[in-house]
Amino acid sequence: MLITFEGIDGSGKSTQIDLLQKYLNDKGYKVNVFREPGGTDVSEMIRGMLLNPEIDIDPVTELLLFSAARSQLVAEKLLPLLKKDVIVILDRFFDSTTAYQGFGRKSIPIEQIKQINKVATHQLVPDLTFYLRLSLKEAAERTRQFEKDRMELSGDSFFQNVFEGFEHLSKTEERFKAIDAGQDIQAIHEDIVSILEKRLEK
Ligand code: ADP
Ligand code: TYD
């Protein structure tokens, strides 16, 4: 089973993934967690380029680098793991490309982004996507003290467009489960667990 977490920077994905991993481990499930971009040697090297605030990257190059990092993760780790009886959790997947490179950067039309996503994922689609829905203002308050990477230096209107991208996906993709990420950490965890438990029972 493949579960992904999506949402703007600072929406609480890593926090909730840690909690969910512990919860599932305690129930006896084998769980593997990866972050995007990353998760393989090649993908972590590409991540270093993508997040480095000291380099300029053309929007189409950026799209292809995120996609290249993803293809390597899928081929090297995800496809072999998903053949076994494990749960894989991803901190971001191709929906982030739709939201950031598509709605945010407007690097190429969304329909073309979807085609590139299909290639980069080797057609792998999550079973369930938790969308941690948080206002840009609240996310900014939570991450104020952290140093900003290249993506986070992209400006308010870019992030407004990214937010709208996620909103669009949550209305159009059945696998998207929007969670109120403005709640306290435990309440969010309980919302996630209750949705997942229903799915695991099936
Ligand atoms: P993301 O992985 O989406 O960037 P994080 O899990 O790293 O988000 O959370 C960003 C910051 O907000 C961290 O400092 C984290 O401790 C804090 N945080 C996470 N969830 C909540 C919450 N529900 N309420 C308040 N602060 C939170
Ligand atoms: P990261 O620190 O992992 O994200 P977060 O701040 O949510 O913990 O940084 C990854 C950055 O890359 C983040 O700003 C989102 C962006 N991104 C894209 O623009 N496109 C993508 O396809 C992916 C996976 C991430």
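Just one of the numbered conditions (1) part of a helix (DSSP H, G or I); (2) surrounded by 13 or more Cβ atoms within 10 Å (Cβ to Cβ); (3) touching a helix residue (DSSP H, G or I) at 6+ places or on another chain (Cβ under 8 Å) is not true of THR129: (1). Here segment 24-50 is the region considered, the condition is being under 21 Å from ILE185 (Cα atoms) and surrounded by fewer than 16 Cβ atoms within 10 Å (Cβ to Cβ), and the residue that is nearest to ligand 1 (Cβ to nearest atom) is ASN25. Count, please, the residues in segment 145-164 that happen to be crowded, with 16+ Cβ neighbours inside 10 Å and part of a helix (DSSP H, G or I). Qualifying residue count for the region: 7.
Does PRO53 satisfy the criteria of being out of contact with any Ser or Thr (no Cβ under 6 Å at 6 or more places or on another chain), under 21 Å from LYS171 (Cα atoms) and loosely packed, with under 14 Cβ neighbours inside 10 Å?
Against the criterion (out of contact with any Ser or Thr (no Cβ under 6 Å at 6 or more places or on another chain), under 21 Å from LYS171 (Cα atoms) and loosely packed, with under 14 Cβ neighbours inside 10 Å), PRO53 does not qualify.
One residue alone among GLN16, GLN72, GLN21 is over 15 Å from the mean Cα position of the chain (by Cα) and within 16 Å of ligand 1 (Cβ to nearest atom), and that residue is GLN21. The set of residues in segment 115-126 being surrounded by 14 or more Cβ atoms within 10 Å (Cβ to Cβ) and part of a helix (DSSP H, G or I) consists of ILE116, ASN117, ALA120. One residue alone among GLU190, GLU167, GLU141 is part of a helix (DSSP H, G or I) and within 15 Å of ligand 2 (Cβ to nearest atom), and that residue is GLU141. In segment 88-137, which residues are over 16 Å from the mean Cα position of the chain (by Cα) and either closer than 20 Å to ARG35 by Cα or in contact (Cβ under 8 Å) with a residue 60 or more places away in the chain (or both)? Those that are over 16 Å from the mean Cα position of the chain (by Cα) and either closer than 20 Å to ARG35 by Cα or in contact (Cβ under 8 Å) with a residue 60 or more places away in the chain (or both): ILE116, VAL119, HIS122, GLN123, LEU136. Considering segment 165-187, and only residues there that are in contact (Cβ under 8 Å) with a residue 40 or more places away in the chain and over 17 Å from the mean Cα position of the chain (by Cα), the residue that is farthest from ligand 1 (Cβ to nearest atom) turns out to be GLY182. Regarding THR97, is this residue surrounded by 19 or more Cβ atoms within 10 Å (Cβ to Cβ), within 30 Å of LEU200 (Cβ to Cβ) and not hydrophobic (A, V, I, L, M, F, W, C)? When the stated conditions are applied, THR97 passes them. Would segment 166-180 turn up any residue that is loosely packed, with under 12 Cβ neighbours inside 10 Å and either over 24 Å from VAL125 (Cα atoms) or at pLDDT below 95 (or both)? Checked segment 166-180: no residue is loosely packed, with under 12 Cβ neighbours inside 10 Å and either over 24 Å from VAL125 (Cα atoms) or at pLDDT below 95 (or both).
Please tell me if LEU65 is at pLDDT 95 or above and either of a type in the set (Gly, Ala, Ser) or surrounded by 22 or more Cβ atoms within 10 Å (Cβ to Cβ) (or both). No: the conditions fail for LEU65. Taking into account only those residues within segment 138-164 that are in contact (Cβ under 8 Å) with a residue 40 or more places away in the chain and charged (D, E, K, R), which is farthest from ligand 1 (Cβ to nearest atom)? In this case the residue turns out to be GLU164.
Out of the residues in segment 98-140 that are in contact with an Asp or Glu (Cβ under 9 Å, 6 or more places away or on another chain) and polar (S, T, N, Q), which is farthest from LEU20 (Cα to Cα)? Going through the qualifying residues, I end up with SER107.
Taking segment 1-105 as the region of interest, the strands (runs of 3 or more DSSP E) fully inside it that hold 2 or more residues being more than 8 Å from ligand 2 (Cβ to nearest atom) and touching a Phe, Trp or Tyr at 6+ places or on another chain (Cβ under 7 Å) are 2-6, 87-91.
The values are calculated or read from the model by the stated rules, or taken from the named source; none is laboratory data. Predicted model only: the values in this text are computed from it and were never measured. Quick reminder, even Gly has a Cβ in these numbers, built from the backbone with ideal geometry, and neighbours come from all protein chains shown.
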